[in-house]
Every structure is written in C-alpha cells, then in structure tokens.
1. Roughly what % of DSSP beta bridges within the chain run antiparallel, to the nearest 5?
2. In square angstrom, what is the accessible area per residue of segment 35-169 with a 1.4 angstrom probe?
3. Given (i) 19.4; (ii) 14.7; (iii) 18.1 as candidate values of mean projected area of the Cα convex hull in nm², which corresponds to the one derived from the coordinates?
4. Okay, helix-only estimate at 222 nm for the chain: each DSSP H run of n ≥ 4 adds -39500 (n - 2.57), divide by all residues, round to 500 deg cm²/dmol; what do you get?
5. Determine the per residue accessible area of segment 171-240 with all protein chains present and a 1.4 angstrom probe, expressed in square angstrom.
6. Output the peptides 60-70, 223-233 sorted from most to least packed, where packing is the average of other Cβ atoms within 10 Å over each peptide's residues.
7. For segment 31-96 and segment 241-270, compute the distance between their C-alpha centroids and round to whole Å.
8. Please report the net charge: other residues with Cβ closer than 13 Å to the Cβ of residue 102, K and R +1, D and E -1.
Amino acid sequence: MLHTSRLDTTPRLFTHPLLERDKFVIEQEIPLLIKHYHECLLDSPKPLAFVKNTLGLSLSQVKTHDVGFADRSLSLQLPRPKAIDGKKLRGSLKRLSILNATGHESMRGCITLPIIEDNQPVAVFGLRYDRPRRGASPTKHSCFGVNPIFTLQGLGAVALRCNHPLDVIALDKYGYQNGYSELEDEMSELSCDMLHQLGVSIIVYFSDPMGASFNVHNAKTLAARYNIMLCEVRLPYKVMNIGKWDALQWKVFEARLTRALSSVGVRNERYQA
C-alpha cells in the first residue's frame with residue numbers, strides 16, 4: 001500500500017464505466033499515488049517553477065486539481081518487488097500502465113494530472129517538463145478504461161479543443177469554460193460520440209503557420225457522422241502554454257475566435273454570461 005494520505009476530488013471527465021479487473025487498485029491505491037505525485041511537485045522547486053512560469057498555472061490551481069510530478073520515487077512507496085503484496089500491486093500497476101514492463105514509472109519526469117469521474121480516478125495524464133528526445137511524444141497517459149474527454153465544466157453547443165488537459169485548466173482561468181481535451185493526439189469516433197451526447201454541435205480548433213496539431217480531414221469526416229461542425233481559428237503562434245500568454249496574444253486570440261464563430265452564426269461564449 002502507498003504510504004500517504006487519500007485524495008478527495010478533482011476535475012470532471014466523461015468516460016465509460018471502469019473495468020472490473022484491478023478495480024480495488026484503481027479505487028484504493030491510485031488515489032494514494034495521485035496524492036504522492038502531488039506532494040512530490042510541491043517539494044520539487046524546478047518542476048513547480050515550470051508549472052507556474054511556463055504553463056501559467058497558479059499554486060491555487062495546482063492544489064485544486066492535484067497537479068503532480070512523477071519524480072521516480074514511486075517505487076520507494078510500494079511493497080518490495082519480491083514480496084507477495086509487491087508482486088500483486090506492481091502487476092496491477094503494470095496492467096494499468098502506471099508502471100512499464102521493466103517496473104519503472106511510465107510517467108517519470110512528467111507533470112501529472114489526475115482525471116476523476118464520480119469521485120474515482122479514471123486516468124492520469126502526464127506532460128514532460130523537460131524537452132523530450134527527438135520523435136518522442138511530450139505527453140503520456142494511463143487510462144483505466146476507454147480514452148476519456150477532459151473538461152472542467154459542462155460543455156454547451158461550442159467546445160474549444162485544447163492540446164492537453166493542463167491547457168484546459170489554463171483556459172478556464174481566463175473565462176473560457178468550454179475547453180476540452182482528449183488524451184490521444186487525434187480525434188476519435190468515441191470522442192465525437194461523447195461530445196454529441198453532451199450537446200456539442202461546433203468544435204473550435206486552432207491552427208498556426210505550421211497547420212493544426214491533428215489530422216483535420218479525418219476529424220471532419222468523423223465529426224460529420226454526429227452532425228458536428230469543425231470551425232478553424234488561425235493564429236500567428238502555437239496554442240500552447242496558454243496560462244502565460246501576454247495581453248497581445250489574448251487580444252489576437254479573442255478577436256479571431258469571435259470572428260470565426262460569427263462566420264458560423266454563433267457568439268463567443270466568453271461574452272454570453
């Protein structure tokens with residue numbers, strides 16, 4: 001058993017019921033792991049500075065959402081590998097993709113975010129805080145069922161597609177409560193189905209001079225099956241590290257978002273309150 005306290009609550013997520021296998025570990029041990037990662041971040045000056053100064057998340061947001069850091073110390077919190085309890089727990093953590101085949105932490109070196117539904121963890125997201133090696137993805141995730149959609153609020157007709165869940169949190173701070181993110185890089189039919197069930201009819205996505213961060217053609221084909229329209233907002237800079245944007249970046253973002261939404265007959269939801 002992990003030697004730390006339990007987690008209470010964090011963000012909302014929409015996904016299918018959890019698998020029965022390893023359910024005890026998901027319900028009892030994963031919350032302790034989440035708390036361990038959170039405490040590691042608070043005790044790690046450089047990763048915490050990255051979260052504040054690069055991602056632009058406040059300490060309040062870090063605590064509210066139990067943002068953490070996988071500092072490679074998890075193994076010290078687990079029973080010994082050769083002990084019976086250690087074999088059982090580590091085996092479950094491998095099946096849940098918390099540990100890899102070698103027994104090392106899958107998210108080592110990542111800023112972590114727990115994904116919670118109905119007060120139970122359903123996934124853990126990770127973003128590398130240092131530069132990943134060439135060709136390696138900067139994000140990782142461990143999902144205890146189907147890949148989920150992450151959002152902090154109930155979505156309306158218009159949903160803003162973010163690159164990862166930490167940007168959803170940053171976007172929310174600036175009054176945009178309709179951001180969402182998938183844990184996979186590409187849009188899936190499952191995510192389109194989920195968004196359709198939530199009443200979404202327009203997905204806003206952002207592109208920069210290098211294009212969009214996903215296959216737009218495939219996404220449009222999938223979304224059309226669910227009567228969902230994709231609306232592009234072109235920006236002169238990449239949509240990343242939203243929490244640290246300056247006033248000019250926000251001005252350009254809001255102007256172009258408002259114009260793009262107006263072209264499809266809807267208003268910028270930030271101003272509808």
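The values are calculated or read from the model by the stated rules, or taken from the named source; none is laboratory data. In this text the structure is predicted, and so the values were computed from the model without any measurement. For neighbour counting, all protein chains shown are included, and Cβ atoms are generated from backbone atoms with ideal geometry for every residue, glycine included. For the accessible areas, the whole protein counts, side chains as well, though only heavy atoms, and no ligand, DNA or RNA atoms are used. Shrake-Rupley method; radii C 1.70, N 1.55, O 1.52, S 1.80 Å.
1. 65
2. Numbers: 6000 Å² over 135 residues.
That works out to 44 Å² per residue.
3. Checking each listed value against the structure points to (ii).
4. Helix-only estimate at 222 nm: -9000 deg cm²/dmol.
5. On the way: 3380 Å² over 70 residues.
Dividing the accessible area of segment 171-240 by its residue count gives 48 Å².
6. For the peptides 60-70, 223-233, the packing ranking is 60-70, 223-233.
7. The distance from the Cα centre of segment 31-96 to that of segment 241-270 comes to 34 Å.
8. Counting the neighbours of residue 102, the net charge comes to +3.
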